[in-house]
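The values are calculated or read from the model by the stated rules, or taken from the named source; none is laboratory data. These figures come from a predicted structure and were not determined experimentally. Positions of Cβ are generated from backbone atoms using ideal geometry, with glycine treated the same way; all protein chains shown enter the neighbour counts. In case anyone asks, the SASA skips ligands and DNA or RNA and just uses the protein heavy atoms, side chains included. Shrake-Rupley method; radii C 1.70, N 1.55, O 1.52, S 1.80 Å.
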Amino acid sequence: MPSGCSIRALWIINNQDTVVFSRRFPVVEKQWCSAYKTENENTGLDLPRLPTDQQISDSFTRRKRREGSTRGYGIRVAQSTKGSDSWVDDPITRHIISLCLTEEDDDDDDERNILWPIALHTKALYSILVLPLVEPKEMKDYVKLCRRSDCGPAVGEDLSLSSLLLNISSITGAFMVAHAFGDIISGDTVEPEVVVSVSPSVGGLFDSLTGSIGISSRAKPVAAPVASSNPSGAAITGATASDAPKAGSRLLDRDLLRNFIATAMPFGTPLDLSLSNISAMKANGFSSADPPPQELKQPAWKPYLYKGKQRLLFTIHETVSAAMYDRDEIPDNVSVAGQINCRAELEGLPDVSFPLAGLSTAHIEAISFHPCAQVPAHGIDKQNIVFQPPLGNFVLMRYQAGCGLGPPVKGFYQLSMVSEDEGAFLFKVHLMEGYKAPLSMEFCTITMPFPRRRIVAFDGTPSAGTVLTTEHSVEWRILGSGRSLSGKSLEATFPGTIKFSPLQSRRKGDGDDEESEDESAENVVNVEDFLVQKMNKDLPAAELEEPFCWQAYDYAKVCMSLASF
């Protein structure tokens, strides 16, 4: 069987568990059938065929019911059954799933009734299922794992799901296909923003990795038309990329998906999964002028060669996640997830070297690269990426790392109800602790939302900033417009009281309700717990727009902005 990535079939399922789009690739299926016959030539087993859309829909529904959700448990639980994904006891089964095509559990050990491995990706209320081509022997190994009685990989045993998947090269390609289809369905086909550097290095995580090579995280946007082989084609291509259909805002565009398959992965082999490149080729076509040198092979991800002023641009986008417990025995957890966006306007087909250093110091936990990148052997602390950049903007690298600094805002919020309609609150915050120039905080506001209570009175004076109240919220503007915080920290407190309009209790049908209310008052030792319990009885259900407000008053939200100068 040829190496690389080939796709046997793919399905798109909506939130009603109905297959709304599917595609099978007969050329790849013939390869699977040939390999299966070779593996089982002396067994006399019937050749398994790809299931129908209805069988896929039924199997997917049964799996959701058996696994508890679309992705499943990921580990073995009391509800797990032998032969199911969660029985394998590996969290990767939340992303690489199997489907049993029969309803009888006794047939789960028959590989002809199991479809595996299926890359699962959810986007815009759709589930994208991609079935890559694998060796029949690898399929048999997975069936053995599904029927094993013990949990997880056994000590000293070579066969485990992780080791099995590491040897299947088509798994990565299947996920790339699934994500490409998810972006088209949701309309997220716009290229990542790349901006021109106009400020000095800020000395953050990215600068520490790249050795301060002049890449900045604060800059102004620059126009990014896709270059083509002729001068007039640039503007046309840029318009095509920016006006890509937003499939997520309307019904599934099946014609767009069919055209994408015909160009991006003909005969089931992924070539170029960039919708912007495909749009450019359809808009501009190809020209025989200025072909690449004979000794160079033009990659699929760069259908046109750039001509013009040469430049290489990088930007970084990071998301910081923090969990703060305000307890000495439980440390706060802060992590960084980021990506490096690149735009390389370079003539010809040059190799670009991108050195990274200080990986161990930056606590890098995971890295992934664009398919155009080659990552040779490297040391623990250094890495050198060599890549032939495609046209337009692209994500060169994604990473996850721990964070040595704590969050820029620390503190706690307490609200104690003294009656059904009145409460006392206290805020204590610490801003920019451990942060130094040139980083500065441009603004910071803290909002207490009360979506289901109307505020009639408020009293409180913060030690810094101003306060703005509405009928359903209190907003504390610690740092407003025209004032920033840099090179120092700020500690601020905000005590106060708040009064709400009386609740309109539900009408009681008889005296039994009052008796049960009196009994609950006797059972609750804490008066505040009783008041909250009594108020929540008369509150309507929480709205989806306020997912944290599960009950009456559950949280305060912080909005802030950090910048460098």
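On the protein heavy atoms, probe 1.4 angstrom, tell me the percent of accessible surface of the stretch 7-186 carried by carbon and sulfur. C and S atoms contribute 49 percent here. Computed from point charges on the beta carbon alone (+1 for Lys and Arg, -1 for Asp and Glu), the dipole magnitude for the stretch 316-460 about its Cα centre is near 160 Debye. The modelled label-to-label distance for the pair R454/K436, using points 7 Å beyond Cα in the direction of Cβ, is 5.4 nm.
Pairs to check: K30/K297; K382/K488; K137/K297; K428/K557. Give those whose C-alpha atoms are more than 24 Å from each other in this structure. Result: K30/K297; K382/K488; K137/K297 exceed 24 Å.
Label-to-label distance for Q16 and K297 is 4.7 nm, based on points extended 7 Å past Cα in the beta-carbon direction. Across the options H370, V352, N341, the greatest Cα extent toward the positive end of the charge dipole of the stretch 311-402 (unit charges at beta carbon of Lys, Arg, Asp, Glu) belongs to V352.
Rounded to the nearest Hz, the phi-derived 3J(HN,Hα) couplings of the stretch 322-339 under the Karplus curve 6.51 cos²θ - 1.76 cosθ + 1.60 (θ = phi - 60°) are 9, 10, 10, 9, 6, 9, 5, 7, 10, x, 5, 10, 10, 9, 10, 10, x, 9, where x marks glycine and proline. Projecting label points 7 angstrom from Cα along Cα→Cβ for V386 and N259 puts them 3.9 nm apart. The mean sequence distance of close C-alpha pairs (under 8 Å, at least 6 residues apart), as a share of the length of the stretch 427-482, puts its relative contact order at 39 percent. The figure for K137 is an accessible area of roughly 110 square angstrom, using a 1.4 Å probe on the protein chains alone. Candidates T18, I168, S149 compared by Cα position along the dipole of the stretch 7-186: farthest toward the positive end lies T18, with charges placed on Cβ. The residues neighbouring L10, those whose beta-carbon lies less than 10 Å from its own, together hold a net charge of +3 under the Lys/Arg +1, Asp/Glu -1 convention. Per-residue Karplus couplings for the stretch 471-479, computed as 6.51 cos²θ - 1.76 cosθ + 1.60 with θ equal to phi - 60°, are listed in order as 5, 10, 7, 10, 10, 9, 8, 6, 10 Hz, Gly and Pro entered as x. Surface listing: V456, V395 arranged by accessible area from highest to lowest gives V456, V395, probe 1.4 Å. In a fully extended conformation the segment linking L125 and S160 would gain 9.4 nm over its present Cα-Cα distance, using 0.36 nm per residue. These residues, E29, E422, E67, E193, go from largest to smallest accessible area, 1.4 Å probe, as E193, E422, E29, E67. Here M176 sits with roughly 80 square angstrom of accessible surface, probe radius 1.4 Å. Mean separation of Cα pairs under 8 Å and 6 or more residues apart, divided by the residue count, gives the stretch 307-408 a relative contact order of 33 percent. Relative contact order, whole percent, for the stretch 7-186 stands at 23, derived from Cα pairs under 8 Å and 6 or more residues apart. Surface calculation, 1.4 Å probe, protein heavy atoms: W32 sits at approximately 20 Å² accessible.
Length gain on complete extension for the stretch T81 to K307, per 0.36 nm per residue less the alpha carbon to alpha carbon distance? 75.4 nm is the gain from fully extending T81 to K307. Summing +1 for each Lys or Arg and -1 for each Asp or Glu among the other residues whose beta-carbon sits under 15 angstrom from that of T269 gives +2. Using only side-chain charges placed at the Cβ, +1 for Lys and Arg and -1 for Asp and Glu, the dipole size of the stretch 311-402 relative to its Cα centre rounds to 380 debye.
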